[in-house]
Structures are given as structure tokens and as C-alpha cells.
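Contents: one structure, followed by commentary.
The values are calculated or read from the model by the stated rules, or taken from the named source; none is laboratory data. Source: prediction; values computed, not measured. When we count neighbours, we look across all protein chains shown, and the Cβ atoms used for this are built from the backbone with ideal geometry, even at glycine. To get the accessible areas, we keep the full protein, side chains included, count just its heavy atoms, and leave off ligands, DNA and RNA. Shrake-Rupley method; radii C 1.70, N 1.55, O 1.52, S 1.80 Å.
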Amino acid sequence: MKLASINNNTRDGSLLVVSRDLQLAASASDIALTLQVALDNWDELNPRLLERFDALNDRKLDDTIEFDQDAVLSPLPRAYQWVDGSAYVNHVELVRKARKAEMPETFWTDPLVYQGGSDTFVAPRGDILMATEEWGIDFESEIAVITDDVAMGASLSDTANSIKLFMLVNDVSLRNLIPGELAKGFGFFQAKPSSAFSPVAVTADELGEA
């Protein structure tokens with residue numbers, strides 16, 4: 001299933017189901033007004049969303065629109081939490097070397113994560129607005145995993161069962177602000193502005209054998 005949030009001039013948009021070929025979309029706001037509402041009630045609402053998705057792909061819905069990637073927000077325009085984990089240690093090593101910082105050996109065994117701002121996310125085709133290029137604007141392509149509630153101390157299998165959707169991320173960094181912030185010993189804030197996400201969020205079955 002593929003889901004999107006059309007820009008209806010509200011902060012969270014309105015939920016759409018999107019055809020597998022990304023050509024058509026249909027409103028799902030009568031099932032769940034927003035994607036967050038769908039996630040909060042996933043077990044109850046997922047079958048209804050899937051039924052509409054199947055009907056859309058079979059071209060059995062009358063009330064459809066052409067899917068316009070310029071007209072949608074991030075699938076989740078804001079979220080209760082955004083945690084970024086670095087899975088590619090050689091990338092971390094290169095980034096730290098660029099700012100003449102040593103990489104602790106523990107990074108090879110202990111995951112590097114930080115909790116970022118999630119009050120706003122940039123639309124897929126939206127401009128990434130900055131006051132000056134002197135901040136060292138940079139970006140990284142990443143994969144986002146949307147989960148429902150994950151219990152404290154959850155096992156690997158429990159956590160995997162919590163995964164509901166996947167997205168792509170354009171993770172924005174302001175490289176020239178990072179050294180000064182990290183030197184304070186209190187983590188990122190100004191150096192990590194809002195990230196941008198793909199036009200649709202997809203369920204795991206859309207990834208096939210991948």
C-alpha cells in the first residue's frame with residue numbers, strides 16, 4: 001500500500017491512497033483524516049485502507065485524481081518523534097575526518113543515534129530554505145521506518161512487528177554549524193534543520209523481496 005498527505009492548507013494535510021504506479025490517488029480522509037490518525041488506529045483502519053488501495057489499483061474507483069508529487073506534503077508533515085541512526089560507520093568516519101575529529105572505536109559496536117526535531121518536515125518537492133549558504137548546507141539520502149508504539153526493552157522481533165511504513169529521507173545538515181554545537185557537549189539543534197521525505201510512505205509488501 002502507498003499513502004500520501006495532500007496539502008489542504010492544514011498542518012497535517014489530508015490522507016490519500018496512491019496507486020502502485022504512482023499515477024492516481026484517492027482520498028482516504030473518510031477512513032482516517034490524516035496519516036497520524038491511521039497509525040494511531042492501524043489494526044482497525046488498515047484493512048479499510050487496503051481495500052481502497054486495491055480498488056484504486058483495479059481502477060474501480062470513480063472519485064480519483066492524478067497523483068501530483070508537487071501537491072503533497074511529507075507523508076507525516078510532523079511527528080511525535082524523529083530518531084536518526086547512523087548505520088554506515090565508514091560514512092561517519094569520513095564526516096568526522098572532514099571536521100578533523102577522531103571517531104571513537106565504540107562507534108563500530110554501539111549504534112550512533114540522536115533525537116532530532118520533528119515539529120515540521122519539508123514537502124518532497126518543497127524548497128529547503130536557509131538564510132545563508134555559509135552554514136554549509138549538505139544532505140544525505142536515508143531510509144525512514146515508521147513504527148507504532150515500541151515498548152521499553154522490546155526485543156528485535158517485537159520491534160520488527162512495530163514497523164508499519166517506509167519512506168525515503170533527504171536528511172539536511174548544516175556542516176559548518178556542527179563543530180561549534182557539538183563542542184558544547186549537548187548535541188545537535190541549529191545544525192540539523194527539518195528533513196524532507198518522499199512523496200509516499202509504503203508498507204513492507206511494496207518492497208517485494210527487498
For VAL37 and LYS100, what does the FRET efficiency come to when R0 = 45 Å and r is the distance between their Cβ atoms, rounded to the nearest 0.05?
-> 0.45
Find the accessible area per residue for segment 1-126; the probe is 1.4 Å, ligands and nucleic acids are left out, and the unit is Å².
-> 60 Å²
Here FRET efficiency (C-beta to C-beta, ASN170 to ASP63, R₀ 22 Å, nearest 0.05) is 0.10
Distance (nanometres) between label positions extended 7 Å along Cα→Cβ at ARG78 and SER157 | 3.9 nm
So what's the angle, to the nearest 10 degrees on a 0 to 90 scale, between helix 89-98 and the longest Cα principal axis of the chain?
-> 50 degrees
What does the highest-first list of 68-74, 109-115 look like by mean Cβ count within 10 Å?
-> 68-74, 109-115
Starting from the amide H of ILE146, placed 1.01 Å from N in the peptide plane, find each other amide H under 5 Å away whose residue is 5 or more places distant or on another chain.
-> LYS164, LEU165, PHE166, MET167
In nm, to one decimal, how far is the ASN7 label point from the LEU129 one, both placed 7 Å along Cα→Cβ?
-> 1.1 nm
Lysine pairs within the chain, Cα separation less than 23 Å, 8 or more sequence positions apart or different chains | 7
With Cα atoms, 0 to 90° folded angle of helix 42-57 axis to the chain main axis = 70 degrees
Ignoring any ligand, DNA or RNA, what whole percent of the accessible area of the chain comes from carbon and sulfur when the probe is 1.4 angstrom?
-> 52 percent
Between ASN176 and residues 5 or more places away or on another chain, which pairs have amide H atoms under 5 Å apart, with H built 1.01 Å from N, and which residues are they?
-> GLY136
For the peptides 151-158, 77-84, what is the packing order when you average, over each peptide's residues, the other Cβ atoms within 10 Å and list the highest mean first?
-> 77-84, 151-158
So for the pair LYS184, GLU51, with labels modelled 7 Å out along Cα→Cβ, what separation do we get in nm?
-> 5.2 nm
Each residue of segment 19-33 in turn: what ³J(HN,Hα) in whole Hz from Karplus with 6.51, -1.76, 1.60 and θ = phi - 60°, glycine and Pro shown as x?
-> 5, 4, 8, 6, 9, 10, 9, 9, 5, 10, 5, 6, 8, 8, 4
